[in-house]
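Report on the structure given below.
The values are calculated or read from the model by the stated rules, or taken from the named source; none is laboratory data. This is a predicted model, so every value here is computed, not measured. Counting neighbours? That spans all protein chains shown, and the Cβs are built from the backbone with ideal geometry, glycine included.
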Amino acid sequence: MQVSTKIRKIREFKGFSQEFMAEKLSMSQAAYSKLEKNNKSINFDNIKDIAKVLSVDPMQLLNFDEQQIFNNDNQQ
């Protein structure tokens, strides 16, 4: 699964809009949308920033384990 798809899935699971993410990342909603659609390169700095907003470890975006993410979130 591509990083952009992983980001979208976690964002949707957490109930965050693209507009919310874009605002937290100081970018336009259009620019954020391009990240999720894999139309714009995502560097590790982007991944770290996105992970912080999503409250996940950046490595979880790179090595996504759906069970681990969703089970950890449900335990809080």
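Pairs only if they're at least six apart or on different chains, beta carbon under 7 angstrom, first in the stretch 1-26 and of a type in the set (A, V, I, L, M), second part of a loop (DSSP other than H, G, I, E, B); list them, first residue then second.
Going by the 7 Å Cβ cut-off, the qualifying pairs are MET1/PHE64; VAL3/ILE42; ILE10/VAL56; ALA22/SER28.
The rows are residues; the columns are (1) at pLDDT below 95; (2) surrounded by 13 or more Cβ atoms within 10 Å (Cβ to Cβ).
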site	(1), (2)
THR5	yes, yes
GLU12	no, no
SER17	no, no
PHE20	no, yes
GLU23	no, yes
GLU36	yes, yes
LYS40	yes, yes
ASN46	yes, yes
